[in-house]
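Bear in mind that the values in this text are calculations on the coordinates, not laboratory data. As the structure is a prediction and not an experimental result, all values here were calculated from the model. Using ideal geometry, Cβ is built from the backbone for each residue, glycine included, and neighbour counts are taken over all protein chains shown.
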């Protein structure tokens, strides 16, 4: 069992990074080489801007290359609750931005000719308890008429055509969701950025940001110092570096995944005839899908802990047990990969994007970043040219999380709370 990301292990590694020191100046510095930063670098370069992207580690080596490879439309939130809080029109705008984000990913794949196994498959939200199906029916009735016409209900009697498991009680199908190989997508998008004229530095951790005038910054990193007319922060939870404002507003939560050995066509047809993206309705639930080479990829927040080799391995054993509870036919199947990563959660589990102290940013995708990160990279390129109305997260309040200064000491308490909710709900 390899303790590394299946996606990163089975994709060509980006090799087009610049060597030596950073240049003295550029139009835009992008901090972070995940999907947000790479997408923005492609878009800005196409607009004729000079772009230098600084990545602390390897391109797409963190959340962008360590997720479930699901590219899903629709918010994870209860729409009625969100509408009561933000208003119906704003909630609708946010919901539909996720659907638009899947379209953005497909367009980027086509425009840049990326070989990343992108295809539309639909997402099935599986009712883990009988009463959960009633809630899915209520969601359908609220969303289908006006917000998302691409929804369909799958009754408990019809579910066998979608999944070979007796552990669920109906489902809600979001038809426009998609899948992709995120490792291939990340390296391909980086190559596209370089092809468009961007300069990418790996192992270039940012250590200091100094405002100069207007939106200009002097950016210091391990590869030198560069002056930029604008800076876009597109990194994750900002665990290190001069990003304390953002660190207090995001909580890094561990998410863990296992991948089986390749499965036979007969077994795949038995356990997952629908070949969709799957998520369960529990607060501490699971998500799963089939990879391009016929492995079952199975993930979830198995433990409320940070990712490291020991933690990943412990979580892998818990995920294996959960996988067999859902798919007992996989008893004896070898687990080839086990890995973890961090999901950057905001307090309300909604992304944030905008400008703070003349620093542009887009972060906090809260477990739904595959599509939204790519979409927001494109959007922020437009915002940086004065089109602020294109940003669906503009002007959203973002207070710091009480008692949080970077290390999520409270995660075990949060985990216990959600486990209790799952037992009671």
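Worth pointing out:
- Put simply, when 241-249, 122-130 are sorted by average Cβ atoms within 10 angstrom per residue, most first, you get 122-130, 241-249.
- Ordering of 177-186, 253-262 by burial proxy (mean other Cβ atoms within 10 Å per residue, highest first): 177-186, 253-262
- Using the Cβ-Cβ distance between residue 13 and residue 321 with R0 set to 35 Å, the FRET efficiency works out to roughly 0.60.
- With the simple model of a label 7 Å out from the Cα in the direction of the Cβ, residue 334 to residue 356 spans 4.6 nm.
- Put the Cα centre of the stretch 232-265 next to the Cα centre of the stretch 196-220 and the gap is 22 Å.
- The convex hull drawn around the Cα atoms of the stretch 186-333, when projected onto a plane and averaged over every direction, covers 12.6 nm².
- Full-extension gain in nm, residue 117 to residue 89, via 0.36 nm per residue minus C-alpha separation: 6.6 nm
- The stretch between residue 146 and residue 2, if pulled fully straight at 0.36 nm per residue, gains 47.3 nm over its current Cα-Cα span.
- Rg over Rh, two decimals, the chain (C-alpha only, Kirkwood Rh): 0.96
- Each label was represented as a point 7 Å from its Cα along the Cα-to-Cβ direction; for residue 21 and residue 240 these points are 2.2 nm apart.
- Reducing the stretch 329-369 and the stretch 111-151 to their Cα centroids gives an inter-centroid distance of 19 Å.
- Between the beta carbons of residue 212 and residue 313, assuming R0 = 45 Å, the FRET efficiency works out to 0.45 to the nearest 0.05.
- Rounded to 0.05, the FRET efficiency of the residue 129 and residue 401 pair, given R0 = 41 Å and the Cβ-Cβ distance, is 0.85.
- All distinct Cα pairs of the stretch 314-411 go into the 1/r average, and the inverse of that average, the Kirkwood radius, is 16.6 Å.
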